[in-house]
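A quick write-up on the structure given underneath.
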Amino acid sequence: MTANGMPASTIASSAPCAPPTGNLVPLLHEIRHALTRWLEQGEEHVIDLRSIPLAPGEEDSLLEQLGEGEVNARLSITGPSDIIETRYPAVWLITHYNENESIIGRFIEICEVPGILKSQADDIRAGLERLEDQLSNAETRA
Amino acid sequence: MSKDKTLGETLQERGVSRRSFLKFCATTASMMALPPAMIPVIAATLEKLRRPSVIWLSFQECTGCTESLTRSHSATIEDLIFDTISLDYHHTLQAASGSAAEHAREEAMQENYGNYILVVDGSIPGENNGYSTIAGISNKAMLLEVAAGAAAIVAVGSCAAFGGIPKADPNPTGAVSVSDLIKDKPIVNIPGCPPIPAVITGVLVQFLTFGLPELDQLGRPAAFYGNSIHDRCYRRPFYDKGLFADSFDDEGAKKGWCLFKLGCKGPTTYNACATTKWNDGTSFPIEAGHPCLGCSEPDFWDAGSFYKALSTPTEDIGKTAVYAGAAGLIAGAALGASLRARKQSAVKNHERVTIDDLDQES
């Protein structure tokens, strides 16, 4: 069995943890299925890594296998959030931190661009108001 | 934040970006063990939410539940207090004391009668007021008075939910749980000694977002107490292979094998420790090498030693199975029935087997 062409033996042997749950390979298959669904139907998929039992070290092993691709963005929103496209295009790793830089959530999203990375309509509206105010203030001064 | 404004309006006024709000909703959904598809629903509901008043009463307790809550890392207590709820009365956290504190409680009750949420930690002693009073009011009288005007009650910790340590045999104070005294209000039990902080805040946010959550037969939210520790434990594969630690320092313990024989109550304990974990998701007791004590189950203090294995049927399964094979399906069904009956009897009589007994069987 392979996940994205990776032999299962490679996946298992690179897990450094002592008692593996066996959830790592099914997780990679879930990602593979989601990628197929995105290509065929355009369906997006989100996996909450906190909802899956993983042994110590297994999550690190998963992240290692997903690797880093072409995009690495850091958001500054009530504590940082890292949005990383993995080495598999359309497989995004999203890690939310609190203000003390402790992880408060970690998701894998299968989509073109994660929603949180896009500019949001409410924020665009507020930004437009700020720009208009700035221009009208400048005109008044002139 | 004004109680009249919605959370969405307040966040906008404060200049909190939509992205920040989406992040809050995503981490909240994760904390509530909800599928990620629910994130937009949470966002839409929380946005329209007006801060409800919360009154927190502490009775016969050790303050461990509040200690746990204040160490919640996701959706911090600050977020919860200032953005989502209006915590109008809490002995330990409020600045006011004495009659000023009691006045705050009375005022919150009067202003929000019928609509506030009552949170209780600690069990309630019997008729003797000497065991526990607040401002000269017995715990029972205060609970009955405040519960009368509450929209719903959240019993935090095993003491409030099931009586906990104060109720342990011989129960010197005649301690009872909230649900022993209140019968006419919806009650959500969040047991644990203490409960996982993220579960306390998660249930409160879930309650505010979706109303009364789905509860199990012990009044616990299914989202957090729906699976046994055993079913979600990363050591489960070792149980299935029959690989157990026999002592805390043998080879099995060092290899991280199953702690069942050392008294782990994971198979009969329902809680989110194995997935949500403790200390900012760092670990949980089994991961630290200690058996689960079963602290989110009723009367766990009186359920025998923490270090004795759970009761198991003593039937010689191998031998009976041979007969079953020879006699066909009817005997097979009889084996199942016999084992079930033996197990039920063992559970009923609180029989326990020792590690030595298990060794003899294997």
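The values are calculated or read from the model by the stated rules, or taken from the named source; none is laboratory data. Please read these numbers as outputs of a predicted model, since none were measured by experiment. Reconstructed Cβ throughout: ideal geometry from the backbone, glycine too, with neighbour counts over all protein chains shown.
Could you check, for region A:31-41, whether at least one of its residues is within 13 Å of chain B (Cβ to nearest Cβ) and buried (at least 16 other Cβ atoms within 10 Å of the Cβ)? Checked region A:31-41: at least one residue is within 13 Å of chain B (Cβ to nearest Cβ) and buried (at least 16 other Cβ atoms within 10 Å of the Cβ).
Listed here are the residues, each with its yes/no results for (1) of a type in the set (Ser, Thr, Tyr); (2) closer than 30 Å to residue B:282 by Cβ.
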{"site": "A:71", "(1), (2)": "no, yes"}
{"site": "A:86", "(1), (2)": "yes, yes"}
{"site": "A:114", "(1), (2)": "no, yes"}
{"site": "A:119", "(1), (2)": "yes, no"}
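Every residue, every condition in (1) over 29 Å from residue B:163 (Cα atoms); (2) at the interface with chain A (Cβ under 9 Å from one of its Cβ atoms), yes or no:
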position	(1), (2)
B:11	yes, no
B:21	yes, yes
B:27	yes, yes
B:36	yes, yes
B:41	yes, no
B:49	yes, no
B:59	no, no
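Here is a list: A:94, A:108, A:103. Which entry is of a type in the set (Val, Ile, Thr) and out of contact with any Gly (no Cβ under 9 Å at 6 or more places or on another chain)?
Details: A:94 fails: out of contact with any Gly (no Cβ under 9 Å at 6 or more places or on another chain); A:103 fails: out of contact with any Gly (no Cβ under 9 Å at 6 or more places or on another chain).
None of the other options fit; the residue is A:108.
Considering only region B:174-188, I want to know if a residue exists there that is part of a helix (DSSP H, G or I), of a type in the set (A, V, I, L, M) and touching a residue at least 12 places away in the same chain (Cβ under 8 Å).
To start, the set of residues in region B:174-188 that are part of a helix (DSSP H, G or I) comprises B:178-181.
Keeping just the survivors that are of a type in the set (A, V, I, L, M) gives B:178, B:181.
Right, trim to touching a residue at least 12 places away in the same chain (Cβ under 8 Å) and you get B:178, B:181.
Checked against the condition, which is being part of a helix (DSSP H, G or I), of a type in the set (A, V, I, L, M) and touching a residue at least 12 places away in the same chain (Cβ under 8 Å), region B:174-188 yields at least one hit.
If I ask for residues that are among the aromatic types (Phe, Trp, Tyr) and either on the phi > 0 side of the Ramachandran plot or free of Cβ contacts under 8 Å to residues at least 12 places away in the same chain (or both), which ones from region A:99-142 would you list? Matches in region A:99-142: none. Scanning region A:45-61 for any residue that is more than 14 Å from chain B (Cβ to nearest Cβ) and free of Cβ contacts under 8 Å to residues at least 60 places away in the same chain turns up nothing.
Which of the residues that make up region B:90-116 are within 19 Å of residue B:144 (Cβ to Cβ) and modelled with pLDDT under 85? Passing the criteria: only B:91.
Among the residues of region B:112-134, write down those that are surrounded by 13 or more Cβ atoms within 10 Å (Cβ to Cβ) and either over 12 Å from residue B:56 (Cα atoms) or free of Cβ contacts under 8 Å to residues at least 24 places away in the same chain (or both). Outline the logic, then answer.
We begin by selecting, within region B:112-134, every residue surrounded by 13 or more Cβ atoms within 10 Å (Cβ to Cβ); these are B:112-113, B:116-126, B:129, B:131-134.
Selection gives B:112, B:113, B:123, B:124, B:125, B:126, B:129, B:131, B:132, B:133, B:134.
Within region A:43-79, the set of residues being farther than 22 Å from residue B:19 by Cα and of a type in the set (A, V, I, L, M, F, W, C) comprises A:52, A:54, A:55, A:62, A:63, A:66. Can residue A:73 be described as more than 22 Å from residue B:29 (Cα to Cα), more than 14 Å from every other protein chain (Cβ to nearest Cβ) and either at pLDDT 95 or above or surrounded by 17 or more Cβ atoms within 10 Å (Cβ to Cβ) (or both)? Judged against the criteria, residue A:73 is not a match.
Just give me the residues in region A:79-96 being surrounded by fewer than 19 Cβ atoms within 10 Å (Cβ to Cβ) and within 14 Å of chain B (Cβ to nearest Cβ), in sequence order. Correct list: A:79, A:80, A:82, A:95.
Matching residues to (1) within 12 Å of residue B:271 (Cα to Cα); (2) surrounded by fewer than 24 Cβ atoms within 10 Å (Cβ to Cβ); (3) not assigned by TED's automatic domain parsing to the domain that holds residue B:273:
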| position | (1), (2), (3) |
| --- | --- |
| B:195 | yes, no, yes |
| B:199 | yes, no, yes |
| B:202 | no, no, yes |
| B:207 | no, yes, yes |
| B:210 | no, yes, yes |
| B:213 | no, yes, yes |
| B:217 | no, yes, yes |
| B:232 | yes, yes, no |
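For region A:109-120, the count of residues that are facing another protein chain (nearest Cβ under 8 Å), outside any helix (DSSP H, G or I) and surrounded by 15 or more Cβ atoms within 10 Å (Cβ to Cβ) is at least one.
Here the helices (runs of 4 or more DSSP H) wholly within region B:196-263 that include at least 2 residues being touching a residue at least 40 places away in the same chain (Cβ under 8 Å) and away from every other protein chain (no Cβ under 14 Å) are B:197-210.
Name the one entry in B:240, B:280 that is of a type outside the set (A, V, I, L, M, F, W, C), surrounded by fewer than 17 Cβ atoms within 10 Å (Cβ to Cβ), over 15 Å from the mean Cα position of the chain (by Cα) and farther than 30 Å from residue B:186 by Cα. Walk me through it before giving the result.
On the way: B:280 fails: surrounded by fewer than 17 Cβ atoms within 10 Å (Cβ to Cβ).
None of the other options fit; the residue is B:240.
Being over 12 Å from the mean Cα position of the chain (by Cα), without any contact (Cβ under 8 Å) to a residue 40 or more places away in the chain and under 30 Å from residue B:202 (Cα atoms) narrows it down to one of A:28, A:93, so name that one. Before the answer, list the steps.
Numbers: A:93 fails: over 12 Å from the mean Cα position of the chain (by Cα).
Among A:28, A:93, only A:28 is over 12 Å from the mean Cα position of the chain (by Cα), without any contact (Cβ under 8 Å) to a residue 40 or more places away in the chain and under 30 Å from residue B:202 (Cα atoms).
Take residue B:29 and decide whether it is outside the structural domain of residue B:117 (by TED's automatic domain parsing), at pLDDT 80 or above and surrounded by fewer than 21 Cβ atoms within 10 Å (Cβ to Cβ).
It is false that residue B:29 is outside the structural domain of residue B:117 (by TED's automatic domain parsing), at pLDDT 80 or above and surrounded by fewer than 21 Cβ atoms within 10 Å (Cβ to Cβ).
Taking (1) more than 30 Å from residue A:102 (Cβ to Cβ); (2) at pLDDT 80 or above in turn, residue B:289 satisfies each apart from (1).
With the structure loaded, tell me whether residue B:23 is among the charged types (D, E, K, R) and buried (at least 21 other Cβ atoms within 10 Å of the Cβ) or whether it fails that test. In short, yes.
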